[in-house]
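Here's the structure we're looking at; comments come further down.
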Amino acid sequence: MQQQKPSNDPLHGLTLEKIINHLVESYGWEALGMQIRIRCFTDNPSVQSSLKFLRKTPWARTKVEDFYKYSLRKNKLK
């Protein structure tokens with residue numbers, strides 16, 4: 001039986017909700033809205049409204065996931 005190698009993907013095993021919560025805790029809504037220019041982060045933001053929008057909008061979800069990966073790399077360098 002072959003053992004599977006652990007995934008190198010930083011998104012492996014993470015839900016979109018965990019990603020959003022991490023970003024909000026790290027940056028806050030205002031800074032997050034400045035980094036990722038989408039209305040769900042700038043106009044009356046909430047985790048639930050963001051989840052609803054991002055689940056329906058692949059390009060926006062990709063931006064959030066890419067920014068999450070960037071923030072992980074940036075924090076590793078510190």
Query raised in the report: Does S50 count as at pLDDT below 95, polar (S, T, N, Q) and surrounded by 13 or more Cβ atoms within 10 Å (Cβ to Cβ)?
Result: no
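Could you go through the range 12-24 and let me know if any residue there is among the basic types (K, R) and more than 20 Å from W59 (Cβ to Cβ).
Checked against the condition, which is being among the basic types (K, R) and more than 20 Å from W59 (Cβ to Cβ), the range 12-24 yields at least one hit.
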Query raised in the report: Cβ-Cβ below 8 Å, separation at least six or inter-chain, first residue in the range 48-68 and more than 12 Å from L23 (Cβ to Cβ), second assigned to a helix (DSSP H, G or I) and small (G, A, S): which pairs?
Result: F53/A60
Query - Flag if R37 is basic (K, R) and assigned to a loop (DSSP other than H, G, I, E, B) - result: yes
**Report entry** Only one of K5, K18 that is modelled with pLDDT under 95, open to solvent by 60 Å² or more (accessible area, probe 1.4 Å) and not polar (S, T, N, Q)
**Finding:** K5
Query - Test: residue in the range 57-74 that is open to solvent by 30 Å² or more (accessible area, probe 1.4 Å), modelled with pLDDT under 90 and part of a helix (DSSP H, G or I) - result: yes
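The values are calculated or read from the model by the stated rules, or taken from the named source; none is laboratory data. All values derive from a computational prediction rather than experimental measurement. So basically every Cβ, Gly included, is an ideal-geometry build from the backbone, and we count neighbours across all protein chains shown. SASA here: full protein model, heavy atoms, side chains in, ligands and nucleic acids out. Shrake-Rupley method; radii C 1.70, N 1.55, O 1.52, S 1.80 Å.
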